[in-house]
Ligand SMILES: [Zn+2]
């Protein structure tokens, strides 16, 4: 312990003590991004873009479309087939993008400015997804889907607007895509950045605090218009969030911040009173060629052995079926994964982000068979030691 402390002093700020939480039973949280975000609408639009010279088919995200009512129904049915030790069904946090580009209005305005179409007003012209919003609502009513905030747009509006009307190859690509009702394909235009992060902005890539605050307030309003309640959990597009994002979230009622995978860090509160959760593993069979169910189960054992929640990251593309059948293989693998985790952990619990927040606050969780008590233990970690899942 003494040598750990010495190393902590040597590395200064990076190793400041952090208070994090561990739990006395295995907890599973499923977090999923990009719901409601339009890509390429259908096979006709895909063929049209190919005929215009786009070599689609090289990357997984060339097949990114938008979920259908059928995709959501299959997901709901999978979650309803699984339940934890208290009889609660598996549940998935769905992070929504609340607006898509209003292509017709942008075109009518001569590509000078970006106009958006919020989800409350449906999908942009040329897009059709019969029954999709009803499917979301059905999943929310049965408690297996839990909507949360991803953003108003996935891309950085400032970055996009810089190229909307210019004659560079970027501007030409953008207008070609927007003419076909496709907002963007990130792999082909990384300069589009992420909502709060403009990669080509000089000095500081994150947008100014007041701009972020306005974007967050608009997104929260658009969220409440669709779901009739404000969001409580948020994940920044591209995981690009800084202190200003967290402050803006806190000011707009967000209690849980979702952070990306790569570090084993215990849930903890920040100075704004926001609970930070860190994803444990990527469960992305549709986009990860090296996907391994065995590796995912190994990660699950590691997290449970350290009394940390298993927070599984899955992006919506894995459930799409319009341009490529990602959905079939993902549903089969997720079914196997959840079955194995349930079989290996007799006291397993499925939680949403909000459930986890409540467990830390109250030590209790409601189940079909009454109140369940869960002990959330606050421990001091040295941040590097937290990264290894060990206490200081
Ligand atoms: Zn995303």
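Derivation of every value follows stated rules applied to the coordinates shown; laboratory data play no part. Every value quoted in this text rests on a predicted model; they were computed, and no experiment measured them. Glycine gets a Cβ as well: all are built from the backbone with ideal geometry, and neighbour counts include every protein chain shown.
Structure data summary
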read-out	value
Whichever residue in region 17-63 is part of a strand (DSSP E or B) and over 16 Å from the mean Cα position of the chain (by Cα) and, among such residues, is farthest from the ligand (Cβ to nearest atom)	17
Strands (runs of 3 or more DSSP E) lying entirely in region 270-370 (those with 3 or more residues that are more than 21 Å from the chain's Cα centre (by Cα))	364-367
Cβ pairs under 8 Å, 6+ apart, first in region 149-170 and in contact (Cβ under 8 Å) with a residue 40 or more places away in the chain and farther than 22 Å from residue 36 by Cα, second part of a helix (DSSP H, G or I) and away from the ligand (no atom under 16 Å from the Cβ)	164/106; 164/171; 164/174; 164/175; 165/171
Count of residues meeting criterion [out of contact with any helix residue (DSSP H, G or I) (no Cβ under 8 Å at 6 or more places or on another chain) and either within 14 Å of the ligand (Cβ to nearest atom) or not in a loop (DSSP other than H, G, I, E, B) (or both)] in region 184-210	2
Residues of region 229-255 that turn out to be crowded, with 23+ Cβ neighbours inside 10 Å and outside any helix (DSSP H, G or I), as a count	7
Failed item in (1) within 16 Å of the ligand (Cβ to nearest atom); (2) crowded, with 19+ Cβ neighbours inside 10 Å; (3) within 15 Å of the chain's Cα centre (by Cα), with residue 260 passing the rest	(2)
Selection status of residue 139, surrounded by fewer than 18 Cβ atoms within 10 Å (Cβ to Cβ) and more than 16 Å from the ligand (Cβ to nearest atom)	no
